[in-house]
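The values are calculated or read from the model by the stated rules, or taken from the named source; none is laboratory data. None of these values were measured; they are calculated from a predicted model. A quick note on method: Cβ atoms are made from the backbone with ideal geometry, for glycine too, and the neighbour counts reach across all protein chains shown. Each accessible area value is taken on the protein alone, full model and side chains, heavy atoms only, with ligands, DNA and RNA left out. Shrake-Rupley method; radii C 1.70, N 1.55, O 1.52, S 1.80 Å.
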Amino acid sequence: MAQDTYRWNKAEHAAGYDAGAEVVHPHYREVQEAVLAQIAQPADAEFLLVDLGGGSGRLAEKFLERFPRARAIVVDQSEPFLELAQARLAPFGDRAATLVARLQDDWAARLPDKPAAIVSTSAIHHLLPEEKRSLYRQCCEALAPGGIFANGDEVRDADDRRYKSALETWAAHMRRVAAAGLVTESFRTMCEKWIERNVKQFGQPRASGDDCHETIEAQLGYLRDVGFARASSPWHKDMWAVLLGVK
């Protein structure tokens, strides 16, 4: 998706998502906690974590609070999102940094050293299958030996009827929180566009940047194919799962 047309490049959209994500996403906090639970490092360990598509820095903030000697880099293609992240992570000083890059770019070449953990939440599902495989390969190659990749993301059921039912359930949830005034007007508009594209236009071809949902099994296969020694899904609820790769 072209940088100038990327929907989160508008400051009001980024701010609206940052304010409303916890109510629009039914398991927002649970997914983040499930991702962080995969990091098997001592609390006082010094290591680098990279958050891909990390947006406004909410996950990185939790990580830096939990590991007071670790560092985090938030990678995202949206400068408005990263401005929010910079403000949120400012109290952590030089332990926090941001990097403007698409997930499809060679972001790993710009890292200061090899991370022990690469994480992501609600971002990678926007990539086409071949883009996911390429990203997973880059993650595997970028990680330090023994490092982990944990992706907390939207997934689909292999059965179209169950998949569509899950989308409809989430759409109904979006409309309830929007009707209750729990999201900004700009984010409400984004939710309606999501419903139009994913529910009303269900089954139509997808392009990079759309919601390109895939099954857990397919993505675990990608992780194994690109070189991860172990791949599993330690957490799964409704349309969300954590996909774990260990180098």
Given a cut-off of under 8 Å on Cα pairs at least six residues apart, what relative contact order in percent is computed for the chain? 22 percent
Based on Cα positions only, what radius of gyration and what Dmax would you give for region 106-243, in angstroms? 16.6, 48
The chain, helix-only ellipticity at 222 nm - DSSP H runs n ≥ 4, -39,500 (n - 2.57), divided by all residues, nearest 500: -12500 deg cm²/dmol
Could the peptides 96-105, 50-59 be put in order, highest first, of the mean number of other beta-carbon atoms found within 10 Å of their residues? 50-59, 96-105
Grab the beta carbon distance between E168 and T215, set R0 = 22 Å, and tell me the FRET efficiency rounded to 0.05. 0.75
For the chain, using Cα atoms only, the Rg and Dmax in Å read 17.2, 49
For K193, give me every one of the lysines with a C-alpha distance below 23 angstrom, ignoring sequence neighbours fewer than eight places off in its own chain. K10, K164
With +1 on each Lys and Arg Cβ and -1 on each Asp and Glu Cβ, and nothing else charged, work out how big the dipole of region 188-230 is about its Cα centre, in Debye to the nearest 20. 100 debye
Projected onto the charge dipole of region 98-236 (+1 at Lys/Arg Cβ, -1 at Asp/Glu Cβ, origin at the Cα centre), which of G203, P129, G221 gives the Cα projection farthest towards the positive end? G203
Divide, for region 185-247, the radius of gyration over alpha carbons by 2.2 N^0.38 Å, where N is the residue count. 1.44
Would you kindly state how much longer the chain becomes between R110 and E83 on full extension, computed as 0.36 nm times their sequence separation minus their alpha carbon distance, in nm to one decimal? 7.8 nm
Suppose R0 equals 51 Å; then what is the FRET efficiency for A45 and K200 from their Cβ-Cβ distance, rounded to the nearest 0.05? 0.60
Portion, in percent, of the accessible area of region 157-247 that falls on carbon or sulfur, probe 1.4 Å: 50 percent
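Roughly speaking, what is the stretch gain from L182 to S232, that is 0.36 nm per residue apart minus the C-alpha to C-alpha distance, in nm to one decimal?
Length gained between L182 and S232: 14.5 nm.
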1.4 Å probe accessible area per residue over region 132-239, in Å²: 49 Å²
Spread of Cα-to-Cα distances over 10 Å intervals beginning at zero, given as percent, for region 19-143: 13, 46, 36, 5
